[in-house]
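Working notes for the structure below.
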Amino acid sequence: MPETKSDFDLRPARPSDLAAVGYISHQTGLLGEPITRYFPDQSLWTDAFVAPYFASGCCNLAAEKNGRVVAYIIGNCRHEQLESYVAGKLPKILLSRWLKGAYPAWRRELGYLWRAWRSQGHDAPWDEYPAHLHINALPQARGLGVGSALLERFLDCLRRQGVAGVQLGTTERNAAALRLYRKFGFEVYQRYRSSFWKPVLGEALWHLRLVKKLR
């Protein structure tokens, strides 16, 4: 019998889910595919791109099947909270772990980290859209309505927190995600061409900044 979203348990993400969410994020970091070839250190990926949402985010959710996390949505309610953590505590944490040898392949990942830092600046106004999100799922959890269930609960949580709006970034290559976001009323705030993925894919891609008013 085919699986449905009722086969998955949706619940708040717990601190103990960090490794599992980091794994999924690493396995989907290249436009939905594993980014292992270009960013080998799953531990650095998790510490840099996932852990900040566990430390200063809100409304984080996990979808679990048979005791295993297979999809998630992480985000924050107030951008300045996450920004403060990333600018303040995160560099010290990464440096400490790097000095202890936690990231053996870090030299291979400097290019990606540099491009990620330089790619900032295409955000929608944070006073109008103070929240943002990331959502990903392993292949076995795709196309079953799990993403819709996660996003619906996440947006409801933001509304209960009194958040005015939410934004996110994606590319035009991510057709499945775009269908999901449009289903929930996200609109294009900005469309721009970026060379972020060019060292990996050999071409620049069209990126989108999507926004949604919540009140």
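Where a number appears in this text, it was derived from the coordinates with a stated rule and is not lab data. Note that this is a predicted model, so its numbers are computed, not measured. No Cβ is skipped: glycine too gets one built from the backbone with ideal geometry, and neighbour counts run over all protein chains shown.
At-a-glance table
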{"item": "Residues within segment 172-198 that are in a strand (DSSP E or B) and buried (at least 17 other Cβ atoms within 10 Å of the Cβ), tallied", "result": "1"}
{"item": "Qualifying positions in segment 199-213 - in contact (Cβ under 8 Å) with a residue 60 or more places away in the chain, of a type in the set (A, V, I, L, M, F, W, C) and either under 19 Å from ASP123 (Cα atoms) or part of a loop (DSSP other than H, G, I, E, B) (or both)", "result": "VAL211"}
{"item": "Filter result (in contact with a Lys or Arg (Cβ under 9 Å, 6 or more places away or on another chain), of a type outside the set (A, V, I, L, M, F, W, C), over 15 Å from ARG179 (Cα atoms) and part of a loop (DSSP other than H, G, I, E, B)) within segment 115-160", "result": "HIS122, ASP123, GLU128, TYR129, PRO130"}
{"item": "Yes/no for ASP7 being of a type in the set (Asp, Glu) and crowded, with 18+ Cβ neighbours inside 10 Å", "result": "no"}
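Here's the yes/no breakdown for (1) free of Cβ contacts under 8 Å to residues at least 40 places away in the same chain; (2) in contact with a Phe, Trp or Tyr (Cβ under 7 Å, 6 or more places away or on another chain):
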| position | (1), (2) |
| --- | --- |
| ALA13 | no, yes |
| GLY22 | yes, yes |
| THR36 | yes, no |
| LEU44 | no, yes |
| ASN66 | yes, no |
| GLY75 | no, yes |
| GLU83 | yes, no |
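Yes or no, residue by residue, for (1) surrounded by 13 or more Cβ atoms within 10 Å (Cβ to Cβ); (2) in contact with a Ser or Thr (Cβ under 6 Å, 6 or more places away or on another chain); (3) not aromatic (Phe, Trp, Tyr):
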residue: ASN66; (1), (2), (3): no, no, yes
residue: VAL69; (1), (2), (3): yes, no, yes
residue: CYS77; (1), (2), (3): yes, no, yes
residue: GLN81; (1), (2), (3): yes, yes, yes
residue: LEU94; (1), (2), (3): yes, no, yes
residue: TRP98; (1), (2), (3): yes, no, no
residue: TYR103; (1), (2), (3): yes, no, no
residue: ARG107; (1), (2), (3): no, no, yes
residue: LEU110; (1), (2), (3): no, no, yes
